Amino acid sequence: MKVSGFTFIRNGIDYDYPIVEAIHSILPLCDEVIVAVGNSNDETLSLIQSIQSDRIRIIQTVWDDSLREGGQVLAVETDKALAAVASDSDWCIYIQGDEALHENGYNSIKQAMHENLHRDEIDGLLLPYRHFYGSYDYVGTSSKWYRNEVRIIKPGRGVFSFRDAQGFRKPPNQKLRVARVKAYMHHYGWVKEPAAMQRKQENFHKMWHDDQWVSENVIASESYDYGRDVSQLARFKGTHPSAMLERVNRQNWTFDTDIAVDRRTVKDRLKSFCHDRLGIELGYKNYLAAR
């Protein structure tokens, strides 16, 4: 069984993406990892080239900066990386530059790959998420954070990245049918040194909006204020992926919040009750979970 990994990155140093950690977190499961490195203003290409592994294959890409609606450019770059995976791969593991797969889930993923390899009705595997906010000590618990997403797919089915690269679809525009795997993906997109987070915010919104919207809606500052957009959080009591530990240990800023304050809306409370007590997942889902 052959497994390919794929990801994309641009300006990973300037915006402090844990892209090296992301790649290392899936590398033990992969026979190859395709990294689409976009035209950057920093030394991102050299950073990826410095990773000591003969399983990493780099393709250089040029981003279309005119794509400024709905994060479409992120899906385009994802598809470039996916198109470069080996033609004889049985599975493909996708990871974004601000994610890391926890090694506690490796065996579950391997087992799920074997069990579902010849199930034609299964297009991919669904992973649960932990979303960190402000620091490595807090996880989001409100409905603004998606609980699960497709991160492992079967290639050769015309699967393509959907919208802003959050998930995948297959032609003509069908949701993937997926099997659930208890293997946590950690999302660190909202955990950066505040100055780097501010730079990311000022740049990231340009993939969704025009310059006027950005100037009117993104607060100009030297550093990002995590307190101004805080949602319902919980103290994280688990462990981080081993690939992330060095980064976690060198955190050089502080963030604290009163988690006793209930910031949930009525909608949030209803969704939490249905999920936690009834096992029902309400809201939009970009997949079809197999029984």
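What follows is calculated from the coordinates using simple rules that are stated; it is not laboratory data. Since the model is a prediction, treat every value here as computed from it, not as a measurement. Cβ coordinates were reconstructed from backbone atoms using ideal geometry, including for glycine residues, and neighbour counts include every protein chain displayed.
What the table below lists for this structure:
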| read-out | value |
| --- | --- |
| Per-residue ³J(HN,Hα) for segment 69-86, Karplus 6.51 cos²θ - 1.76 cosθ + 1.60, θ = phi - 60°, Hz, x for Gly and Pro | 9, x, x, 4, 4, 5, 5, 4, 5, 4, 5, 5, 5, 4, 5, 8, 5, 4 |
| Loop-located GluC sites (Glu not before Pro) in segment 10-110 whose Cβ has at most 14 other Cβ within 10 Å (DSSP) | GLU43, GLU69 |
| Highest average packing first - 126-139, 5-18, 170-183, Cβ atoms within 10 Å | 5-18, 126-139, 170-183 |
| Efficiency of FRET between ASP258 and ASP14 - r from beta-carbon atoms, R0 30 angstrom, step 0.05 | 0.35 |
| For segment 1-107, fraction of C-alpha pairs farther apart than 17 Å, in % | 51 |
| Relative contact order (%) - criterion: Cα under 8 Å, at least six apart; region: segment 1-68 | 36 |
| Vicinal HN-Hα couplings computed from phi for segment 204-215 (Karplus, 6.51 cos²θ - 1.76 cosθ + 1.60; Hz; Gly/Pro x) | 4, 5, 5, 7, 10, 9, 7, 4, 4, 4, 4, 5 |
| Residues GLN60 and ASP210, FRET efficiency given R0 of 35 Å [Cβ-Cβ distance, rounded to 0.05] | 0.80 |
| Two-decimal Rg to Rh for segment 221-269 - Kirkwood Rh, Cα set | 1.04 |
| Distant-in-sequence amide H partners of ARG57 (H built 1.01 Å from N, under 5 Å) | VAL33, ILE34, VAL35 |
| Rough spin-label spacing in nm, given labels placed 7 Å along Cα→Cβ, for ARG147 and ALA196 | 3.2 |
| Point-to-point label distance, ASN249-GLU281, nm (Cα→Cβ direction, 7 Å offset) | 3.5 |
| Residues with amide H under 5 Å from that of ARG151, placed H, sequence gap 5 or more | LEU125, LEU127 |
| Rg and Dmax [Cα atoms of segment 25-177; Å; Rg one decimal, Dmax integer] | 16.1, 44 |
| Mean ellipticity per residue at 222 nm, deg cm²/dmol - from DSSP H runs of n ≥ 4 across the chain, formula -39500 (n - 2.57) | -7000 deg cm²/dmol |
| Compactness index (Cα Rg / 2.2 N^0.38 Å), segment 55-144 | 1.35 |
| Sequence-separation-based contact order of the chain, relative, with Cα cut under 8 Å and 6+ spacing, percent | 22 |
| Whole-Å semi-axes of segment 191-289's equivalent ellipsoid (Cα gyration tensor) | 28, 22, 16 |
| Sum of side-chain charges, VAL181 neighbourhood, beta-carbon under 13 Å (Lys, Arg +1; Asp, Glu -1) | +2 |
| Amide H partners (placed H, <5 Å) of TYR184, local residues excluded | HIS102, GLY105 |
| Alpha-carbon centroids, segment 60-100 and segment 239-253: separation in whole Å | 26 |
